[in-house]
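The values are calculated or read from the model by the stated rules, or taken from the named source; none is laboratory data. These figures come from a predicted structure and were not determined experimentally. Reconstructed Cβ throughout: ideal geometry from the backbone, glycine too, with neighbour counts over all protein chains shown. Keep in mind that these areas ignore ligands, DNA and RNA; they rest on the heavy atoms of the full protein, side chains included. Shrake-Rupley method; radii C 1.70, N 1.55, O 1.52, S 1.80 Å.
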Amino acid sequence: MEISDAAKSGDGTTTNVGIKMTGTFQCPECRQKFDSEKAKQLHWKFIHDPNRLGLQRLLGSEGWAREDPGRELEASTAQRAELGAELAKVQEQLQSAQAEMEQDQ
């Protein structure tokens, strides 16, 4: 099987596994390199863009997750807790409505 040069990556070391060593366009967020600016932009859009992932609302306009990835995890955990509390309220309302329906019958 023949592998296209465009699909090859790394230099044989574990440090550079998956990194395109011949790429000249470096991603500003990670170690990945690309053969064209367009490829780099698409990578950034689908891998790093906080707006695409809906993180802008979660992170705020400061974008602090880029400087401190741990804060993104904290925010995600806080959001899950908030959603869990909302779910509990909705479940309570559903149980209350079901109880009322049973009494009406």
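Results, tabulated for the structure shown:
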| quantity | calculated |
| --- | --- |
| Extension gain from residue 87 to residue 103, taking 0.36 nm per residue of separation minus the Cα-Cα distance | 3.3 nm |
| Protein accessible area in region 14-54, 1.4 Å probe - carbon and sulfur % | 57 percent |
| Net charge of Cβ neighbours under 14 Å - reference residue 94; Lys, Arg +1; Asp, Glu -1 | -3 |
